[in-house]
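What follows is a set of notes on a single structure, which appears directly below.
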C-alpha cells in the first residue's frame, strides 16, 4: 500500500510538473510573439517617419516572413479639431455645429462650446452659456477651469456640458487634438468635421471626399488625389466672403503628422502612435508617443 501511494504521489507530481512546463512554454511563445509584434511596429514607425514617406505609399504595408509584418497609416493632426484654440470664434462656431450634428440641442451645444472656451481663457468672466470658477465651486470642484490649454483630450471631460457630448457621441475623442496648430487639414479631415467647419452641403462635401480619396473610396491609399486649396474650395462650394473667411482655417499644408504603426505576428498585434511636427529643415519634433 505504501508503494502504491508513493507511485500515485509521484505520478501526480510528474503530471503537475508537465502541466507547469506546458503553461510556461505557452507563455514563452506568447511573450515572444508580443515582443516580435512590437518590434514590427517599431520597424513600421521608422518607415512612416521617414521624410520621403507619403500617404498611400506601398512601402507602408510590408509582410516580413510567413506570418509577420507591419501596416502604417499616415494622417495629419489637422484632421482633428484643435482643442486648444476654442477661443477662436470660427472654431467655436464649427464645434457648435459639430455638436448639433451629434444630437445635442442648441442649448446643450452652446453650454459645452462656451464652457470649453472659458476653460482656456485667462479671465474669470463666464460667456453667456459658459462656466468659470464660481460654477465649478458650486459643484465642489476648486481646481477648475484650467485657464490654459488642455493637456490631453480626456481632460475636456471635466468641462461643463461635455458629459452630454460623451453620452451622445462616445468616440468624440477621435475628432479633437491637443497638438493642432489651429487649422483644419483638407487632406484628411473627417466628413463631420468638414460639414461643421465649412457649412457646405452634404452633397458638396461628399463630392470633395470622393475626389480626394480616389476611385477606391479609401483614404490613405495609393490612388488618393492631391487637390489644391482653390480646387478644394470649388468642390466644397465655397466662394466669396465665406471662402475668404475660411482661408485662414482650412489648409493642405499641415506639418504635424500622426503616424500609426501596427505590427503583427500571427494573431498578435502591437500598435504605436507617434505625433510629430516636421520642420522646414525636415527635422522632427516629437509631441506624443502612445503604445497600445
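The values are calculated or read from the model by the stated rules, or taken from the named source; none is laboratory data. Fair warning: this is a prediction, and the values are worked out from it, not measured in the lab. Please note: Cβ atoms are built from the backbone with ideal geometry, for glycine as well, and neighbour counts cover all protein chains shown.
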Looking at (1) part of a helix (DSSP H, G or I); (2) modelled with pLDDT under 90; (3) crowded, with 20+ Cβ neighbours inside 10 Å, can you tell me which one residue 36 breaks?
(2)
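Need a quick list: strands (runs of 3 or more DSSP E) entirely within region 222-292 having at least 3 residues that are touching a strand residue (DSSP E or B) at 6+ places or on another chain (Cβ under 8 Å) and surrounded by 20 or more Cβ atoms within 10 Å (Cβ to Cβ).
Numbers: elements: 256-265, 268-278, 284-291.
Those strands (runs of 3 or more DSSP E) span 256-265, 268-278.
Quick grid of which residues meet (1) within 28 Å of residue 175 (Cβ to Cβ); (2) assigned to a strand (DSSP E or B); (3) in the same structural domain as residue 279 (by TED's automatic domain parsing):
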| residue | (1), (2), (3) |
| --- | --- |
| 41 | yes, no, yes |
| 45 | yes, no, yes |
| 52 | no, no, yes |
| 55 | yes, no, yes |
| 59 | no, no, yes |
| 63 | no, yes, yes |
| 69 | no, yes, yes |
| 73 | yes, yes, yes |
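Considering 188, 193, which residue is surrounded by 17 or more Cβ atoms within 10 Å (Cβ to Cβ), in the same structural domain as residue 248 (by TED's automatic domain parsing), closer than 20 Å to residue 106 by Cα and in contact with a strand residue (DSSP E or B) (Cβ under 8 Å, 6 or more places away or on another chain)? Explain how you work it out, then say what you get.
Working: 188 fails: closer than 20 Å to residue 106 by Cα.
Within the list 188, 193, the selection yields 193.
One line per residue, one yes/no per condition, for (1) at pLDDT 95 or above; (2) touching a helix residue (DSSP H, G or I) at 6+ places or on another chain (Cβ under 6 Å):
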{"residue": "88", "(1), (2)": "no, no"}
{"residue": "95", "(1), (2)": "yes, yes"}
{"residue": "108", "(1), (2)": "yes, yes"}
{"residue": "123", "(1), (2)": "no, no"}
{"residue": "137", "(1), (2)": "no, no"}
{"residue": "142", "(1), (2)": "no, no"}
{"residue": "149", "(1), (2)": "no, yes"}
Got a sec? Which of 278, 269, 258 is under 20 Å from residue 153 (Cβ atoms), touching a residue at least 12 places away in the same chain (Cβ under 8 Å) and not assigned by TED's automatic domain parsing to the domain that holds residue 199?
258
